[in-house]
Amino acid sequence: MAVEKKEIKETKQEAEKIASKKDNLSNTKAEQHETNKEVVGAPIFVKKKSPFADYKLFNKWSFDEVVVTDPSLMKYINLDPVIIPHSFGRKSQGRFAKININVVERLINKSMRSGQGKRKLSGKFMRGRNGCGKKLQTMQIVEDAFAIVAEKSKENPIQMLVRAVENSAPREDVTRVRRGGVIYSLAVDVSPMKRLDEAIKNIALAGFGNSYRSRTEASEALAEEIISAAANDNKSLAIKRRDEVERVAKASR
């Protein structure tokens, strides 16, 4: 009888140990699950650091404070600190080399274009504008626009530009596919580099489109476009174009 009681006691102790281990394991899993939920639900902030953080754009605005929140664009939005955004074409040679050009300089380059060409913007064709190739003049326009953005928003204008690019970059577009003699439209995902190109192009288009044959100065029009796009406002031409492209792509799925 004493032996049986001892065995029963040992069995109860083993059962209690197994139960306590299970409780500890379940508690650990619950804690891990809560941690994972917190990590998944938290926003993603990616900050690009540079050893040249003392360099400021036009000796006014720092690149060190700028944050890229879109993971897909983080690799392609170049925020290398520069004082004068003019690389003289050194970084444009080779395939995909434009990702090495500062995002502000890319905006300046897009603003030097002559106009839409085949398509109308605000009901009119725009060619000439006496701005093609005049990079110093365009740099002055962008500097003045950034000063207006900083004054109105009380934020770093480079951060506002990055936010505007993230908001106005389309995620889906349409391509034409031909099968068996039939041509139809098909929705496709847009690559990060193409998203960045389209966003900067539309912001620049709105900048000189709203100042073409108007009393509004180019710097004021560009500043208003950057502020509206950063706020994801439908007044922005870049936001309207993004919505239009994604709406057509959604209908072509």
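In this structure, does residue 87 turn out to be touching a strand residue (DSSP E or B) at 6+ places or on another chain (Cβ under 6 Å) and either loosely packed, with under 14 Cβ neighbours inside 10 Å or touching a residue at least 12 places away in the same chain (Cβ under 8 Å) (or both)? So residue 87 does not fit the description; no.
Conditions (1) assigned to a helix (DSSP H, G or I); (2) farther than 16 Å from residue 148 by Cβ; (3) out of contact with any Cys (no Cβ under 8 Å at 6 or more places or on another chain), marked per residue:
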residue	(1), (2), (3)
167	yes, yes, yes
178	no, yes, yes
186	no, yes, yes
207	yes, no, yes
219	yes, no, yes
229	yes, no, yes
234	no, yes, yes
238	yes, yes, yes
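A single entry from 85, 71 fulfils the requirement of being modelled with pLDDT of 90 or more, within 23 Å of residue 146 (Cβ to Cβ) and either in contact with a Gly (Cβ under 6 Å, 6 or more places away or on another chain) or assigned to a loop (DSSP other than H, G, I, E, B) (or both): 85. Restricting 186, 237 to those that are exposed (fewer than 14 other Cβ atoms within 10 Å of the Cβ) and in contact (Cβ under 8 Å) with a residue 12 or more places away in the chain reduces the list to 186. Checked against the criterion of being among the polar types (S, T, N, Q) and within 27 Å of residue 96 (Cα to Cα), the candidates 156, 167 yield just one match: 167. Looking at 168, 185, 191, 214, just one residue is modelled with pLDDT under 90 and under 27 Å from residue 249 (Cβ atoms), and that residue is 185.
Counting only residues that are part of a strand (DSSP E or B) and touching a residue at least 60 places away in the same chain (Cβ under 8 Å), the range 189-204 holds 0 of them.
The values are calculated or read from the model by the stated rules, or taken from the named source; none is laboratory data. Keep in mind it's a predicted model, so treat the numbers as computed, not measured. For neighbour counting, all protein chains shown are included, and Cβ atoms are generated from backbone atoms with ideal geometry for every residue, glycine included.
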